[in-house]
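Q: My structure is below; once you've seen it, I'll send some questions.
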Amino acid sequence: MHELTIAKSLIDLSCKHAREQGASRVTRLHIRLGSMSVVLRSLYSCFGPASRGTLCEGAMLEIDEVPLSVHCRRCNATKHPAGRFNFRCPDCGTPTPDVLTGREMQLIGIDLDYTRLDGATAAAPAVPGTARTAAV
Amino acid sequence: MPVVQMHDLAHGQAHPHDHGHDHGGDHAHDRVHDHAHDGAHSHSHAAHDHGHDHGHRHAVAPGSEFLRIEQEILSENDRFAGVNRAWFAERAILALNIVSSPGAGKTSLLTETIRRLAGRLPVAVIEGDQETDNDARRIREAGAAAIQINTGRGCHLDAHSVGHAAEQLDPAPGSVLFIENVGNLVCPAAFDLGEACKVAILSTTEGVDKPIKYPDMFAASELLLLNKVDLLPHLDFDVAEALDYARRVNPAIEAIQVSARSGEGIALWIDWLERRHRAIVQVRVDALDAEAAALRSCLGIDAPGKPLTVVAGR
């Protein structure tokens with residue numbers, strides 16, 4: 001299965017951003033996965049081995065699961081089908097091909113550690129402990 | 001015979017031209033990069049602006065900083081897919097990503113299709129399998145140019161390796177390019193290769209409920225080819241039920257019943273192909289016409305075909 005590819009992509013992306021920021025390691029990856037992404041659970045098990053030897057080694061994975069929602073053309077409303085294998089409006093039964101959420105596979109952000117092995121701070125963030133936005 | 005070994009999972013680190021690499025700048029890829037990239041991004045942003053910004057619930061550890069990234073995890077693949085798509089468009093190539101379970105009859109259907117298209121349309125094939133180049137050999141025997149990508153442990157083709165294979169194969173402008181993915185109904189759904197669309201093959205020897213068991217693949221495909229219909233008299237397979245399941249996960253999916261063995265329905269599939277091919281070529285012809293018209297206006301010529309007169313002796 002392709003969870004290993006997903007894990008590698010996540011790690012590559014995160015390491016690239018960490019290097020650009022001059023961080024010494026990534027301590028947490030915050031990701032968003034739609035419920036249609038079948039990789040959800042298996043990502044946890046392959047992330048560890050895949051991150052070995054990278055800036056992401058030992059990082060925690062935080063996954064936000066986004067439920068499936070569709071737009072029902074007949075009801076003209078957002079609906080949440082019961083299963084991810086039944087793309088019909090749960091109320092009127094009309095087939096609903098317009099998926100609004102549930103396909104996400106995104107890296108929201110990462111926690112970066114700037115502490116060097118000798119205990120000094122490598123390159124202090126502009127405002128420590130606050131959020132910044134990467135130039136993507 | 002050419003076999004491309006897919007770069008292994010260590011790709012990110014190992015491949016010399018991975019990070020910010022110049023991906024074959026000699027064929028105008030660079031020019032389309034940004035455009036394709038931007039397109040993919042605005043789409044994804046629209047998708048997750050839907051009130052799903054959960055923020056970061058965790059406290060950031062002392063000495064750490066939260067860096068907001070908001071990027072598609074497969075953005076690298078999507079970027080390469082965008083490059084491939086532009087490359088295909090420039091050459092008016094109809095690229096189709098053929099997906100199915102192992103054993104659904106992808107290669108047999110393709111060899112039959114190649115025979116039918118002989119003398120009508122140029123055809124080239126990229127074959128994806130974990131090992132062997134048996135399928136590429138079968139395709140060449142049927143009369144089409146083929147290149148094999150061995151994915152090794154990989155369970156799907158990715159846009160990067162398909163891009164390299166396409167360059168190596170170098171299909172004639174106006175070709176139909178079949179990209180036969182690894183037999184797998186799960187993973188290939190997530191990887192855009194830059195194709196015009198995915199075509200899913202389901203065979204009558206499989207369960208009728210495959211579309212709802214593997215919804216992503218059928219949701220991602222524009223056409224369903226129900227193969228091996230010659231065997232229907234010997235099976236309990238309910239065609240209407242299978243198509244109903246397919247339409248539950250993808251109400252817009254088209255379906256054609258075929259048999260690579262008996263030839264049943266193949267003419268309809270060929271019609272579908274020729275229709276899609278014509279549309280792709282027409283788009284390119286229109287773009288070139290517009291470009292030519294713009295250039296003509298620079299020369300002060302308005303009507304197409306009017307020759308530019310050069311006065312001799314001046």
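Q: So which of A:Gly93, A:Gly34 is touching a Gly at 6+ places or on another chain (Cβ under 7 Å) and more than 7 Å from chain B (Cβ to nearest Cβ)?
A: When all the criteria are applied, what remains is A:Gly34.
Q: Restrict the check to region B:262-270 and report whether at least one residue is among the hydroxyl-bearing types (Ser, Thr, Tyr) and within 19 Å of the chain's Cα centre (by Cα). Let's see the steps before the verdict.
A: At the first step, the residues of region B:262-270 found to be among the hydroxyl-bearing types (Ser, Thr, Tyr) are B:262.
Checking which are within 19 Å of the chain's Cα centre (by Cα) leaves us with none.
There is no residue in region B:262-270 that is among the hydroxyl-bearing types (Ser, Thr, Tyr) and within 19 Å of the chain's Cα centre (by Cα).
Q: Mind counting the residues in region B:235-266 that are outside any helix (DSSP H, G or I) and touching a Pro at 6+ places or on another chain (Cβ under 6 Å)?
A: Applying the first criterion (outside any helix (DSSP H, G or I)) to region B:235-266 yields B:235-238, B:250-265.
Filter once more, so that each one left must be touching a Pro at 6+ places or on another chain (Cβ under 6 Å): B:251-252.
The number of residues fulfilling the criteria is 2.
Q: Would region A:116-133 turn up any residue that is at pLDDT 80 or above, at the interface with chain B (Cβ under 10 Å from one of its Cβ atoms) and part of a strand (DSSP E or B)?
A: no
Q: Could you list, in sequence order, all residues of region B:245-286 that are surrounded by fewer than 18 Cβ atoms within 10 Å (Cβ to Cβ), modelled with pLDDT under 95 and of a type outside the set (A, V, I, L, M)?
A: Selection gives B:Pro251 alone.
Q: List the pairs whose first member sits in region B:208-220 and is more than 10 Å from chain A (Cβ to nearest Cβ), whose second member is buried (at least 20 other Cβ atoms within 10 Å of the Cβ) and among the charged types (D, E, K, R), and whose Cβ atoms are under 9 Å apart, counting only residues at least 6 apart or on separate chains?
A: Cβ pairs passing all conditions: B:Met217/B:Lys198; B:Met217/B:Lys210.
Q: Further, regarding this structure: Which one is surrounded by the most Cβ atoms within 10 Å (Cβ to Cβ), of the residues in region B:158-197 that are without any contact (Cβ under 8 Å) to a residue 40 or more places away in the chain and within 14 Å of chain A (Cβ to nearest Cβ)?
A: Among those residues, the one meeting the criterion is B:Cys187.
Q: Could you tell me which residue of region B:126-163 is modelled with the lowest pLDDT, considering only residues that are over 22 Å from B:Ser101 (Cβ atoms) and in contact with a His (Cβ under 9 Å, 6 or more places away or on another chain)?
A: Checking each candidate, the answer is B:His160.
Q: Determine whether B:Ala200 is at pLDDT 95 or above, more than 30 Å from B:Glu241 (Cβ to Cβ) and among the small types (Gly, Ala, Ser).
A: No.
The values are calculated or read from the model by the stated rules, or taken from the named source; none is laboratory data. What you are looking at is a predicted structure, and each value in this text was computed from that prediction instead of being measured. No Cβ is skipped: glycine too gets one built from the backbone with ideal geometry, and neighbour counts run over all protein chains shown.
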